[in-house]
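Asks: Mind looking over this structure? Questions follow.
The values are calculated or read from the model by the stated rules, or taken from the named source; none is laboratory data. Only a predicted model underlies this, so the values are computations on that prediction, with no experimental measurement involved. Neighbour counts are summed over all protein chains in view; Cβ atoms, including those assigned to glycine, are modelled from backbone coordinates with ideal geometry. Surface accessibility is based on the protein's heavy atoms, side chains included, excluding ligands, DNA and RNA. Shrake-Rupley method; radii C 1.70, N 1.55, O 1.52, S 1.80 Å.
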Amino acid sequence: MNSNFARPSSLQTVLVLAAFGAELLLFSYGRNAFGPLISPVLYFGSSLAFTAFAWQALRRQPYILAPGGSTKERRSYVIAAGLLLFALYPRLRDIINQYPVDVKMSDVLPSIEVYLRRLQSGSPVYALITDFGYDLSPTYLPMMWMPYLLPDALNVDYRWLGIWVLGIGLLLYAYRLAASQPDLYGGVFRLLLPLLLFWPLLGADAHILGLSIETMIIGYYFILAAGILSQSILLRAVGLVLCLLSRFSLVFWVPFYLWLIYRHEGPKRAIWLVGLVGSAILGIYVIPFLSTDWSIFAKGQAAYTVAAIGEWEGNLDSDGNPAQLYRGLGLAIFFFKYVHGEMITRLNALRLTHLLASAGSVGIVAAWYWLRRNQLPLDYRHLALLALKLNLTMFYAFIQVPYDNLQLLVPFLSVWIILCLRPPARLSHEAI
């Protein structure tokens, strides 16, 4: 066996899968099972534990860059994923029909329609929205609303777009899985992992599919993850643009990722990637929208804080507590309960912690990488995925209002890291 590479031990693999199981259960079926204070800590801890265990399991593990396996094998995985998606169609249709678009239930889809009508009529897209009986500052970046031009033109319910995008991401996942040349049982298990995460959305959490557009965001990150594990600069650029211009959760991770590309693939590829991403951001957001009013982005962030105050003060459960903070997800509850002062003071403390945790998580990984750059025990593509997982864990743990649909991205990203794991050493007879 090559001394530079090693397979994870059986114990390491078990720990990774156990942490993933805990993450899934604490988000879905076991949500808030331990109360509103302990449950979010356990959920946060399970995501951190998953990242730490995966870090150890992936150390000195080879990365399969070439699309291994036969064309027939790759096609089989993609077809199997497609059939699974097709089998879910009746239930997805029922959920969409179950939740009619109503601004009283959620203003997400009605807001997107306002954006589209303004774009089509030539009106200022980011002007104040007054259509719903209250003032709403537009906060969505272009990739949160502009792709809905497609279902709008086809006269199809907007929610199908998110399912289509996630479907593309799942097909890329299946293709990448086939390229890793898994054994039969390991391949089937990992192919079914996204369905395991998706299953609660077909039952108790159907409101996430019916009222939000989160499937599209998860699809974006699946495209990005596929790009990270590919040689394609274009796929990476598409993934980065989709994620940066929908939610900027990964904004601190992007410079680190570009640094990895620069050091391990050379300046030319890094410059191409920066050029493609920068040009797309200029053409899609900065020139047509931001340049008409440079305060648009700042106003959007201020609107999020106003909305958070509304959730903390106005959306109360039967016990008089903020409903979204007492559902067992996110650490905002601790700032609400234990930081003294006015509501804005508590929110500002959370916002500062959010900033420090998000930036600091990437900073710590970057410092470790710099110290180990000459003897890196981890493939840089694995490092990029793990750093992204850690960054998103921190970002969503300290978000101002921990809506369940927002938190969903964190466990979904785990499947890409599990995909990278090779079979445990004791279970494999393949020499490396």
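Asks: Could we say that residue 184 is open to solvent by 20 Å² or more (accessible area, probe 1.4 Å), modelled with pLDDT of 95 or more and closer than 24 Å to residue 82 by Cα here?
Replies: Against the criterion (open to solvent by 20 Å² or more (accessible area, probe 1.4 Å), modelled with pLDDT of 95 or more and closer than 24 Å to residue 82 by Cα), residue 184 does not qualify.
Asks: Can you pull out every residue in region 230-266 that is charged (D, E, K, R) and farther than 22 Å from residue 173 by Cα?
Replies: In the first step, residues of region 230-266 are kept if they are charged (D, E, K, R); the result is 236, 247, 263, 265.
Selection gives 263, 265.
Asks: For residues that are part of a loop (DSSP other than H, G, I, E, B) and modelled with pLDDT of 90 or more, scanning just region 56-100, find the one that is most open to solvent (accessible area, probe 1.4 Å).
Replies: 100
Asks: Still on this structure, I have one more. Scan region 219-237 for residues that are part of a helix (DSSP H, G or I), over 16 Å from residue 383 (Cα atoms) and free of Cβ contacts under 8 Å to residues at least 60 places away in the same chain and jot them down.
Replies: Once the filter is applied, which keeps residues that are part of a helix (DSSP H, G or I), over 16 Å from residue 383 (Cα atoms) and free of Cβ contacts under 8 Å to residues at least 60 places away in the same chain, region 219-237 yields 219, 223, 233, 234, 235, 237.
Asks: If I filter region 213-233 for residues that are closer than 24 Å to residue 90 by Cα, at pLDDT below 95 and in contact with a Ser or Thr (Cβ under 6 Å, 6 or more places away or on another chain), do I get at least one hit?
Replies: no
Asks: If you scan region 361-393, which residues turn out to be in contact (Cβ under 8 Å) with a residue 12 or more places away in the chain, open to solvent by 30 Å² or more (accessible area, probe 1.4 Å), part of a helix (DSSP H, G or I) and over 16 Å from residue 254 (Cβ atoms)?
Replies: 373
Asks: Looking only at region 131-164, count every residue that is open to solvent by 60 Å² or more (accessible area, probe 1.4 Å), within 23 Å of residue 239 (Cα to Cα) and among the aromatic types (Phe, Trp, Tyr) and tell me the total.
Replies: Residues that pass the stated criteria total 1.
Asks: Given 353, 292, which one is under 30 Å from residue 387 (Cβ atoms) and either touching a Lys or Arg at 6+ places or on another chain (Cβ under 8 Å) or among the polar types (S, T, N, Q) (or both)?
Replies: Going through 353, 292 in turn, just one is under 30 Å from residue 387 (Cβ atoms) and either touching a Lys or Arg at 6+ places or on another chain (Cβ under 8 Å) or among the polar types (S, T, N, Q) (or both): 353.
Asks: Collect the residues in region 269-290 that are within 18 Å of residue 147 (Cα to Cα), of a type in the set (Phe, Trp, Tyr) and assigned to a helix (DSSP H, G or I), keeping them in residue-number order.
Replies: Hit for region 269-290 is 285, nothing else.
Asks: I'd like the residue in region 165-179 that is within 21 Å of residue 62 (Cα to Cα) and buried (at least 21 other Cβ atoms within 10 Å of the Cβ) and, out of all such residues, is farthest from the chain's Cα centre (by Cα). I'd like the intermediate steps shown before the answer.
Replies: Start the filter on region 165-179 by keeping residues that are within 21 Å of residue 62 (Cα to Cα), which leaves 172-179.
Filter once more, keeping what is buried (at least 21 other Cβ atoms within 10 Å of the Cβ): 172-174, 176-178.
Details: 172: 15, 173: 14, 174: 18, 176: 18, 177: 19, 178: 22 Å.
Ranking the candidates gives 178 first.
Asks: Output the number of the condition that residue 313 fails; it satisfies all remaining conditions of (1) in contact (Cβ under 8 Å) with a residue 24 or more places away in the chain; (2) surrounded by 13 or more Cβ atoms within 10 Å (Cβ to Cβ); (3) farther than 29 Å from residue 411 by Cβ.
Replies: (2)
Asks: Which ones in region 296-317 are closer than 27 Å to residue 26 by Cα and of a type in the set (A, V, I, L, M)?
Replies: Correct list: 307, 308, 309, 316.
Asks: Based on what the data block shows, is residue 320 part of a loop (DSSP other than H, G, I, E, B) and closer than 30 Å to residue 29 by Cα?
Replies: Spelling it out, residue 320 is indeed part of a loop (DSSP other than H, G, I, E, B) and closer than 30 Å to residue 29 by Cα.
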